[in-house]
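Below is one structure; the comments refer to it alone.
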Amino acid sequence: MARSKRSGIKQPGFLTRMRASLNRGNSWLTYDLRNLLPGETIDQDALDELEARLLTADMGVDATSRIMERVQSLYDGGRITSRKQLASALKEPMSDVLKPVEQPLNVERESGPFVMLVTGVNGVGKTTTIGKLARKYVDAGYSVMLAAGDTFRAAAVEQLQEWGEQNGVSVVAQGTGADAASVAFDAYARAAAQGVDVLIADTAGRLHTQDNLMGELAKVKRVLGKQDTTAPHETMLVVDATTGGNALAQARSFHDSIGLTGLTVTKLDGTAAGGVIFAIAETMALPIRFIGIGETTEDLDVFDAERFVDAVFSDRSA
């Protein structure tokens, strides 16, 4: 049946909180251009220092080069002579890097549950992200079910069950050490029988270098595919922005192993190297679905390239 519910809802006030979160500390995301440019005059040394800061912030060579080529061209043409002009010159190429991956997740389907398989290494906030997503979809009018596929850790199952209770949604779980594919199979069958709109399946946290565990993820995908040839409809990787370049390595490895369709980037409020979001966008070209800037449900929202870049620059940077 066709569904008319809303998805991809942007939370009011998120931009304000994101700007406040990003403009803390001394990272490239939060720097005041006055610290970089103590005087009004822009010179080549200042541009070289800016490029070094972007690289240090794990933006990556490709994204940094793309952005700085545009800035250098404007500088060489005499169109950048002040801090305000430099800030303006940075925003456009930064947005150009991120805009192609600004792709909100559409969960609309004519029949059967929309299945979201959520993956990631331990500590990135994967299970918490699932709980927040469940809240958002419930608030948007969808029926939601959760599958506790992280069967290695009893605490992970308990955490997901707590989120289920808070959000008023069912959680399908089995015993510790149960086959994750079996949990997914059972959850899909129940969701389909009950006419659930969205099924979000947790998975065990694993290092991207653990081939045997990556194989288990592939098995979960195969089992879901046997029940619905189009499932899972979203295979999402959650990465922690504070891990810098390692987040990019994780994205590459997971994508090579199981084929990702989207990313969620968490902990942007605590990072001194948040430039990795640009590196991932430039080198992976995978949709960034959501970003997280804090602990509450309201601190996870749909990724918007333009407002992310706007939030990078405080009013003082102009």
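Every read-out reported here was derived from the displayed coordinates using simple, explicitly stated rules and does not represent laboratory data. If you're wondering where the values come from, they're calculated on a predicted model, not measured in any experiment. Cβ sites come from the backbone with ideal geometry, for glycine too, and all protein chains shown count toward neighbours.
Scaling against 2.2 N^0.38 Å puts the C-alpha radius of gyration of segment 137-250 at 1.09. Working value for segment 211-251: equivalent-ellipsoid semi-axes of 26, 13, 6 Å, each the square root of 5 times a Cα gyration tensor eigenvalue, largest first. What would the Debye formula give as log10 I(q)/I(0) at q = 0.12 Å⁻¹ for the alpha-carbon point model of segment 72-128, no solvent? Debye output, listed in q order: -0.61.
The stretch between residue 154 and residue 79 holds 21.1 nm of extra length on full extension. This uses 0.36 nm per residue minus the Cα-Cα distance. Karplus-based coupling profile of segment 187-198, in residue order and whole Hz: 5, 5, 4, 5, 4, 5, 5, 8, x, 6, 6, 10, with θ = phi - 60° in 6.51 cos²θ - 1.76 cosθ + 1.60 and x standing for Gly or Pro. For residue 172, the amide hydrogen comes within under 5 Å of the amide hydrogens of 146, 147, 148, counting only partners 5 or more places away or on other chains and with H modelled in the peptide plane. Note on residue 99: lysines with a C-alpha under 22 Å away, same-chain residues under 8 apart excluded, are 10, 91, 267. Estimated from the Cβ-Cβ distance and a Förster radius of 30 angstrom, the FRET efficiency linking residue 61 and residue 218 is about 0.45.
Between amide H atoms placed 1.01 Å from N, distances below 5 Å from residue 292 occur with 265, 266, 267, 268, all of them 5 or more places distant or on a separate chain.
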